[in-house]
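Below is one structure, written out as structure tokens; the observations come after it.
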Amino acid sequence: MSKVLVLYYSSYGHIETMANAIAEGARAAGAEVDVKRVPETAPLEVAQNAHFKLDQAAPIATVAELETYDAIIVGTGTRFGRISSQMAAFLDQAGGLWARGALNGKVGAAFTSTASQHGGQETTLFSILTNLLHFGMTIVGLDYGFQGQLDNSGVHGNAPYGATTIANGDGSRQPSENDLAGARYLGERVAKTANKLFG
């Protein structure tokens, strides 16, 4: 059985919801799964005034523990088409792991959320995946075995490069069932890949 980490940053809870759906999918594939978040770097007063969701259940991750996992699925909301500063600050501390090749060959994947349907989802996914590739990880995308990507009947998230959702500018849209199904599918695909490599 492989060991999977779902590592995320979520300001308003959308990415938190997606992270838990990804964990469901990975567990369904037989993996041992932890859901953890990166530290908040915004001052508490700023976070409170912006109505950040500060009561998230997931424990805070440490950089040192990343190498103990067979797979890491990274998620963060987009910031102008790239990863959030909170996730960047966390990953920027992993230079020692990179130098030792501690993550080489492990499985990686990405997920994100944007305010609008074309708000930089794919560039943010690539921003995450670029980090994972530099760490030497084997990337798993959201393949077209997930047929929800082909549904044009409404507004949906998800892309071949990872699971996504759309929050609206005011955060009022929650992940749809199609978005969550894509997240569960990604978690399952990552876990199955890690099980084959490490299980």
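The values are calculated or read from the model by the stated rules, or taken from the named source; none is laboratory data. Being a predicted model, the structure only gives us computed values, none of them experimental. As a convention, Cβ positions derive from the backbone with ideal geometry for all residues, glycine included, and neighbour counts pool all protein chains shown.
What the table shows:
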{"read-out": "Among residues of region 139-195, those that are touching a residue at least 24 places away in the same chain (Cβ under 8 Å), under 19 Å from Glu122 (Cα atoms) and among the hydroxyl-bearing types (Ser, Thr, Tyr), counted", "value": "4"}
{"read-out": "Enumeration of residues in region 1-34 that are farther than 24 Å from Ser172 by Cβ and within 11 Å of the chain's Cα centre (by Cα)", "value": "Leu5, Val6, Leu7, Ala23"}
{"read-out": "Some residue of region 62-72 being surrounded by 13 or more Cβ atoms within 10 Å (Cβ to Cβ), modelled with pLDDT under 95 and outside any strand (DSSP E or B)", "value": "no"}
{"read-out": "Elements of type helices (runs of 4 or more DSSP H) contained in region 76-175, each with 3 or more residues being more than 12 Å from the chain's Cα centre (by Cα), surrounded by 13 or more Cβ atoms within 10 Å (Cβ to Cβ) and small (Gly, Ala, Ser)", "value": "85-91"}
{"read-out": "Members of region 16-45 found to be without any contact (Cβ under 8 Å) to a residue 40 or more places away in the chain and either under 19 Å from Thr78 (Cβ atoms) or not in a helix (DSSP H, G or I) (or both), listed by number", "value": "Glu32, Asp34, Val35, Lys36, Arg37, Pro43"}
